[in-house]
1. Report the far tail of the P(r) of region 145-296, meaning the percent of Cα-Cα pairs longer than 20 Å.
2. Projecting each Cα onto the charge dipole of region 160-313 (Lys/Arg +1, Asp/Glu -1 at the beta carbon, about the Cα centre), which of Val300, Trp165, Pro194 comes out farthest on the positive side?
3. Per Stokes-Einstein, at 20 °C and 1.002 mPa s, what whole-number D in µm² s⁻¹ belongs to region 91-200, with the Kirkwood radius over Cα pairs as the hydrodynamic radius?
4. Leaving ligands, DNA and RNA out of it, report the carbon-plus-sulfur percent of the accessible area of region 210-275 at a 1.4 Å probe.
5. If one computes the Cα centroid of region 177-223 and of region 93-148, what distance in Å separates the two points?
6. Give me the Debye-computed log₁₀ of I(q)/I(0) at q = 0.17, 0.24 Å⁻¹ for region 257-313, equal point scatterers on Cα only, no solvent, two decimals.
7. How much accessible area per residue does region 110-159 have, counting only protein heavy atoms and a probe of 1.4 Å, in square angstrom?
8. Which three extents, in whole angstrom, do the alpha-carbon atoms of region 217-313 cover along their principal axes, largest first?
Amino acid sequence: MAVLISKRLLRCSSGSLPSLGRCYFNSPNAGSAAFYKSRDVYSRLSGEGLRSAECCLVRSVIRRFSTSILTPGPDEGAFPSDLLSRKTLATSERTIGLCQDLLIPVTNFHNEDKGFMVLPGDVFDLPIRKDIIHRVVRWQLAKRQQGTHSTKTISEVSGTGRKPWKQKGTGRARHGSLRGPQFRGGATMHGPKPRSHAFKVNKKVRRLGLKIALSARAAEGKLLVFEDLEVPTHKTRNIVNYYNQMGNTKKLLLVDGGPIDEKLKLSTQNLHYVNILPSIGLNVYSILLHDTLAMSRAAVNRIVERMRTPINR
(Lines give C-alpha, C1' and ligand atoms only; values in the text may rest on other atoms or scores of the structure.)
Protein backbone atom coordinates (compact mmCIF):
# COMPACT_ATOMS: atom_id res chain seq x y z
CA MET A 1 0.00 0.00 0.00
CA ALA A 2 2.86 2.38 0.84
CA VAL A 3 4.56 1.62 -2.49
CA LEU A 4 1.40 2.43 -4.45
CA ILE A 5 0.96 5.74 -2.58
CA SER A 6 4.59 6.70 -3.16
CA LYS A 7 4.41 5.83 -6.88
CA ARG A 8 1.33 8.01 -7.31
CA LEU A 9 3.01 10.86 -5.43
CA LEU A 10 6.16 10.59 -7.53
CA ARG A 11 4.12 10.76 -10.72
CA CYS A 12 2.40 14.02 -9.78
CA SER A 13 5.26 16.41 -10.33
CA SER A 14 8.92 16.66 -11.37
CA GLY A 15 9.88 18.90 -8.46
CA SER A 16 11.72 18.09 -5.24
CA LEU A 17 10.52 15.28 -2.94
CA PRO A 18 9.06 17.50 -0.19
CA SER A 19 7.01 19.38 -2.77
CA LEU A 20 5.54 16.26 -4.32
CA GLY A 21 2.90 15.73 -1.66
CA ARG A 22 2.03 19.43 -1.68
CA CYS A 23 1.63 19.39 -5.44
CA TYR A 24 -0.46 16.28 -5.37
CA PHE A 25 -2.91 17.45 -2.71
CA ASN A 26 -3.08 21.18 -3.44
CA SER A 27 -3.63 20.84 -7.19
CA PRO A 28 -5.31 17.55 -8.06
CA ASN A 29 -5.27 18.28 -11.82
CA ALA A 30 -1.56 18.84 -11.80
CA GLY A 31 -0.97 15.16 -11.29
CA SER A 32 -2.41 14.21 -14.67
CA ALA A 33 -0.78 17.19 -16.40
CA ALA A 34 2.71 16.42 -15.18
CA PHE A 35 2.42 12.65 -15.56
CA TYR A 36 4.86 12.33 -18.42
CA LYS A 37 7.31 14.80 -16.89
CA SER A 38 7.46 12.82 -13.66
CA ARG A 39 8.39 9.61 -15.49
CA ASP A 40 11.95 10.86 -15.91
CA VAL A 41 12.20 11.69 -12.21
CA TYR A 42 10.80 8.32 -11.18
CA SER A 43 13.16 6.47 -13.55
CA ARG A 44 16.18 8.17 -11.96
CA LEU A 45 15.13 7.03 -8.45
CA SER A 46 15.97 3.42 -7.68
CA GLY A 47 17.25 1.18 -4.88
CA GLU A 48 17.81 2.79 -1.47
CA GLY A 49 16.97 6.22 -2.78
CA LEU A 50 13.53 5.09 -3.85
CA ARG A 51 12.82 3.39 -0.52
CA SER A 52 13.96 6.40 1.50
CA ALA A 53 11.88 8.71 -0.66
CA GLU A 54 8.83 6.50 -0.17
CA CYS A 55 9.27 6.52 3.62
CA CYS A 56 9.70 10.29 3.76
CA LEU A 57 6.64 10.89 1.61
CA VAL A 58 4.43 8.50 3.57
CA ARG A 59 5.51 10.04 6.90
CA SER A 60 4.93 13.57 5.68
CA VAL A 61 1.48 12.76 4.27
CA ILE A 62 0.39 10.95 7.46
CA ARG A 63 1.73 13.74 9.65
CA ARG A 64 0.03 16.39 7.54
CA PHE A 65 -3.36 14.72 7.56
CA SER A 66 -3.23 13.65 11.20
CA THR A 67 -2.48 17.15 12.42
CA SER A 68 -5.07 18.75 10.18
CA ILE A 69 -7.86 16.41 11.30
CA LEU A 70 -7.19 15.69 14.98
CA THR A 71 -5.84 19.04 16.17
CA PRO A 72 -7.20 22.28 14.67
CA GLY A 73 -4.78 25.07 13.95
CA PRO A 74 -4.53 28.30 15.96
CA ASP A 75 -6.57 30.20 13.39
CA GLU A 76 -9.27 27.57 13.36
CA GLY A 77 -12.08 27.22 15.85
CA ALA A 78 -13.09 24.23 17.92
CA PHE A 79 -14.37 21.03 16.42
CA PRO A 80 -17.78 21.37 14.77
CA SER A 81 -20.47 20.29 17.20
CA ASP A 82 -22.29 18.30 14.53
CA LEU A 83 -19.24 16.06 14.11
CA LEU A 84 -19.03 15.21 17.81
CA SER A 85 -20.94 12.21 19.10
CA ARG A 86 -23.67 12.96 21.64
CA LYS A 87 -23.96 9.31 22.70
CA THR A 88 -23.22 8.74 26.38
CA LEU A 89 -20.43 6.29 26.89
CA ALA A 90 -21.38 3.53 29.35
CA THR A 91 -18.74 2.75 31.93
CA SER A 92 -17.80 -0.89 32.24
CA GLU A 93 -19.06 -2.50 35.41
CA ARG A 94 -17.06 -4.88 37.56
CA THR A 95 -17.33 -8.51 36.61
CA ILE A 96 -18.62 -10.55 39.54
CA GLY A 97 -17.09 -13.85 40.53
CA LEU A 98 -13.46 -13.37 39.50
CA CYS A 99 -12.09 -13.71 43.06
CA GLN A 100 -10.66 -10.19 42.92
CA ASP A 101 -9.92 -8.22 46.08
CA LEU A 102 -12.42 -5.45 46.78
CA LEU A 103 -11.56 -2.00 48.16
CA ILE A 104 -14.46 -0.45 50.07
CA PRO A 105 -14.63 2.60 52.33
CA VAL A 106 -14.87 2.30 56.10
CA THR A 107 -17.29 4.46 58.08
CA ASN A 108 -19.21 4.48 61.36
CA PHE A 109 -22.63 5.44 62.72
CA HIS A 110 -21.78 9.14 62.27
CA ASN A 111 -20.92 8.70 58.55
CA GLU A 112 -17.31 9.69 59.17
CA ASP A 113 -14.56 8.67 56.79
CA LYS A 114 -12.32 6.05 58.42
CA GLY A 115 -10.22 5.05 55.43
CA PHE A 116 -10.50 1.94 53.29
CA MET A 117 -10.35 -1.81 53.76
CA VAL A 118 -9.44 -4.57 51.33
CA LEU A 119 -11.85 -7.50 51.25
CA PRO A 120 -10.21 -10.75 50.07
CA GLY A 121 -11.58 -11.98 46.77
CA ASP A 122 -11.61 -15.62 47.84
CA VAL A 123 -14.26 -14.76 50.45
CA PHE A 124 -16.15 -11.73 49.09
CA ASP A 125 -16.01 -12.18 45.30
CA LEU A 126 -17.13 -15.69 44.41
CA PRO A 127 -19.52 -16.68 41.60
CA ILE A 128 -23.14 -16.65 42.73
CA ARG A 129 -24.57 -20.18 42.91
CA LYS A 130 -28.20 -20.41 43.97
CA ASP A 131 -28.05 -24.20 44.28
CA ILE A 132 -25.43 -24.00 47.02
CA ILE A 133 -27.43 -21.33 48.85
CA HIS A 134 -30.55 -23.51 48.61
CA ARG A 135 -28.77 -26.54 50.04
CA VAL A 136 -27.31 -24.63 52.96
CA VAL A 137 -30.60 -22.90 53.82
CA ARG A 138 -32.48 -26.20 53.77
CA TRP A 139 -29.79 -27.71 56.01
CA GLN A 140 -30.07 -24.81 58.47
CA LEU A 141 -33.87 -24.92 58.68
CA ALA A 142 -33.94 -28.69 59.01
CA LYS A 143 -31.26 -28.70 61.69
CA ARG A 144 -32.99 -26.11 63.83
CA GLN A 145 -36.37 -27.88 63.66
CA GLN A 146 -37.24 -29.23 67.09
CA GLY A 147 -38.82 -32.47 65.96
CA THR A 148 -40.92 -32.88 69.13
CA HIS A 149 -44.08 -33.91 67.26
CA SER A 150 -45.61 -37.12 68.62
CA THR A 151 -48.78 -39.20 68.25
CA LYS A 152 -50.07 -42.20 70.17
CA THR A 153 -50.26 -45.72 68.82
CA ILE A 154 -52.99 -48.23 69.73
CA SER A 155 -50.96 -49.46 72.68
CA GLU A 156 -50.54 -45.93 74.06
CA VAL A 157 -54.14 -44.74 73.80
CA SER A 158 -56.09 -44.79 77.07
CA GLY A 159 -59.09 -47.13 77.02
CA THR A 160 -60.34 -50.62 77.68
CA GLY A 161 -59.13 -53.64 75.85
CA ARG A 162 -62.48 -55.43 76.01
CA LYS A 163 -64.15 -56.57 72.81
CA PRO A 164 -67.02 -54.09 72.21
CA TRP A 165 -69.56 -56.71 71.04
CA LYS A 166 -69.65 -60.31 70.07
CA GLN A 167 -68.19 -61.46 66.82
CA LYS A 168 -71.42 -62.64 65.13
CA GLY A 169 -75.12 -62.12 65.32
CA THR A 170 -75.38 -58.35 65.71
CA GLY A 171 -75.21 -57.37 62.04
CA ARG A 172 -72.48 -54.91 62.78
CA ALA A 173 -68.87 -54.92 61.66
CA ARG A 174 -66.56 -57.01 63.73
CA HIS A 175 -64.16 -55.18 66.07
CA GLY A 176 -61.76 -56.23 68.78
CA SER A 177 -60.99 -52.89 70.46
CA LEU A 178 -62.38 -49.41 70.73
CA ARG A 179 -58.85 -47.93 70.63
CA GLY A 180 -58.40 -48.54 66.93
CA PRO A 181 -57.73 -45.69 64.48
CA GLN A 182 -61.25 -45.91 63.02
CA PHE A 183 -62.85 -44.82 66.31
CA ARG A 184 -63.10 -41.33 67.73
CA GLY A 185 -60.35 -40.82 70.31
CA GLY A 186 -58.53 -43.84 69.01
CA ALA A 187 -54.93 -44.33 67.89
CA THR A 188 -53.10 -42.66 64.99
CA MET A 189 -51.51 -45.05 62.54
CA HIS A 190 -48.12 -44.18 61.04
CA GLY A 191 -48.13 -40.82 62.80
CA PRO A 192 -45.03 -38.72 63.52
CA LYS A 193 -42.73 -39.53 66.41
CA PRO A 194 -40.02 -37.35 67.98
CA ARG A 195 -36.98 -37.38 65.70
CA SER A 196 -34.24 -35.21 64.28
CA HIS A 197 -34.82 -33.69 60.83
CA ALA A 198 -31.16 -32.83 60.33
CA PHE A 199 -29.28 -34.20 57.35
CA LYS A 200 -25.64 -34.02 56.45
CA VAL A 201 -24.06 -31.32 54.33
CA ASN A 202 -20.31 -31.32 53.83
CA LYS A 203 -18.32 -28.67 55.67
CA LYS A 204 -16.82 -27.29 52.49
CA VAL A 205 -20.32 -26.82 51.04
CA ARG A 206 -21.45 -24.98 54.17
CA ARG A 207 -18.38 -22.77 54.03
CA LEU A 208 -18.92 -22.13 50.34
CA GLY A 209 -22.53 -21.11 51.01
CA LEU A 210 -21.45 -18.45 53.50
CA LYS A 211 -18.85 -17.12 51.05
CA ILE A 212 -21.45 -16.90 48.29
CA ALA A 213 -23.89 -15.06 50.57
CA LEU A 214 -21.20 -12.51 51.48
CA SER A 215 -20.23 -12.17 47.81
CA ALA A 216 -23.86 -11.52 46.86
CA ARG A 217 -24.19 -8.69 49.38
CA ALA A 218 -20.87 -7.20 48.24
CA ALA A 219 -21.93 -7.38 44.59
CA GLU A 220 -25.20 -5.60 45.38
CA GLY A 221 -23.42 -2.83 47.24
CA LYS A 222 -25.23 -3.81 50.45
CA LEU A 223 -22.12 -4.70 52.42
CA LEU A 224 -20.91 -1.96 54.79
CA VAL A 225 -17.73 -1.97 56.86
CA PHE A 226 -17.62 0.01 60.10
CA GLU A 227 -14.59 0.96 62.12
CA ASP A 228 -16.48 -0.27 65.19
CA LEU A 229 -20.07 -0.63 66.36
CA GLU A 230 -19.81 1.62 69.38
CA VAL A 231 -22.72 3.95 70.15
CA PRO A 232 -22.51 6.89 72.58
CA THR A 233 -25.61 5.92 74.57
CA HIS A 234 -28.11 3.13 74.82
CA LYS A 235 -30.89 5.27 73.34
CA THR A 236 -32.77 3.76 70.43
CA ARG A 237 -32.79 7.04 68.52
CA ASN A 238 -29.08 6.63 67.75
CA ILE A 239 -29.77 3.60 65.59
CA VAL A 240 -33.03 5.01 64.24
CA ASN A 241 -31.32 8.18 63.02
CA TYR A 242 -28.67 6.19 61.21
CA TYR A 243 -31.26 3.84 59.74
CA ASN A 244 -33.28 6.75 58.37
CA GLN A 245 -30.19 8.04 56.55
CA MET A 246 -29.80 4.74 54.71
CA GLY A 247 -31.75 4.55 51.48
CA ASN A 248 -33.53 1.45 50.18
CA THR A 249 -32.91 -0.52 53.36
CA LYS A 250 -35.62 -2.62 54.96
CA LYS A 251 -33.73 -4.80 57.43
CA LEU A 252 -30.23 -4.27 58.79
CA LEU A 253 -27.92 -6.90 60.26
CA LEU A 254 -25.02 -5.72 62.44
CA VAL A 255 -22.10 -8.12 62.89
CA ASP A 256 -19.42 -7.48 65.49
CA GLY A 257 -16.15 -9.31 65.93
CA GLY A 258 -16.38 -10.04 69.65
CA PRO A 259 -19.04 -9.96 72.33
CA ILE A 260 -21.94 -7.60 71.64
CA ASP A 261 -21.68 -4.23 73.36
CA GLU A 262 -24.36 -3.75 76.00
CA LYS A 263 -25.25 -0.24 74.76
CA LEU A 264 -25.69 -1.49 71.22
CA LYS A 265 -27.82 -4.39 72.43
CA LEU A 266 -30.14 -2.09 74.40
CA SER A 267 -30.43 0.42 71.56
CA THR A 268 -31.60 -2.20 69.06
CA GLN A 269 -33.74 -4.55 71.11
CA ASN A 270 -36.93 -2.57 70.37
CA LEU A 271 -36.30 -2.42 66.60
CA HIS A 272 -37.64 -5.38 64.67
CA TYR A 273 -35.77 -4.30 61.52
CA VAL A 274 -32.29 -4.20 63.14
CA ASN A 275 -30.60 -7.33 64.50
CA ILE A 276 -27.15 -8.04 65.94
CA LEU A 277 -24.95 -11.11 65.65
CA PRO A 278 -21.41 -11.92 66.70
CA SER A 279 -19.05 -13.02 63.95
CA ILE A 280 -19.09 -16.61 65.19
CA GLY A 281 -22.89 -16.73 64.67
CA LEU A 282 -22.99 -15.30 61.14
CA ASN A 283 -24.85 -17.68 58.83
CA VAL A 284 -26.40 -17.82 55.38
CA TYR A 285 -30.05 -17.68 56.46
CA SER A 286 -29.53 -14.55 58.59
CA ILE A 287 -27.77 -12.81 55.70
CA LEU A 288 -30.65 -13.60 53.35
CA LEU A 289 -33.25 -12.32 55.83
CA HIS A 290 -31.60 -8.87 55.89
CA ASP A 291 -31.05 -6.85 52.75
CA THR A 292 -28.15 -4.83 54.25
CA LEU A 293 -25.16 -6.23 56.10
CA ALA A 294 -22.93 -4.00 58.27
CA MET A 295 -19.74 -5.53 59.68
CA SER A 296 -16.99 -4.12 61.83
CA ARG A 297 -13.32 -4.41 60.91
CA ALA A 298 -12.84 -7.02 63.61
CA ALA A 299 -15.78 -9.03 62.27
CA VAL A 300 -14.36 -9.03 58.74
CA ASN A 301 -10.99 -10.23 60.01
CA ARG A 302 -12.65 -12.97 62.08
CA ILE A 303 -14.75 -14.13 59.14
CA VAL A 304 -11.76 -14.23 56.79
CA GLU A 305 -9.75 -16.18 59.36
CA ARG A 306 -12.67 -18.56 59.84
CA MET A 307 -13.06 -19.15 56.10
CA ARG A 308 -9.35 -19.83 55.61
CA THR A 309 -8.97 -22.24 58.50
CA PRO A 310 -8.32 -25.80 57.22
CA ILE A 311 -11.27 -28.15 57.56
CA ASN A 312 -10.76 -30.96 60.04
CA ARG A 313 -11.52 -34.28 58.44
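1. 66
2. Farthest along the dipole direction, towards plus: Trp165.
3. 102
4. That fraction is 45 percent.
5. Between the Cα centres of region 177-223 and region 93-148 lies a distance of 24 Å.
6. -0.63, -1.10
7. Ligands and nucleic acids excluded, the result is 67 Å² per residue.
8. For region 217-313, the Cα spread along each principal axis is 47, 28, 21 Å.
The values are calculated or read from the model by the stated rules, or taken from the named source; none is laboratory data. What you see is a predicted model; the values in this text were computed from it and never measured. Cβ sites come from the backbone with ideal geometry, for glycine too, and all protein chains shown count toward neighbours. Quick note on the areas: whole protein, heavy atoms, side chains included, nothing else; ligands and nucleic acids left out. Shrake-Rupley method; radii C 1.70, N 1.55, O 1.52, S 1.80 Å.
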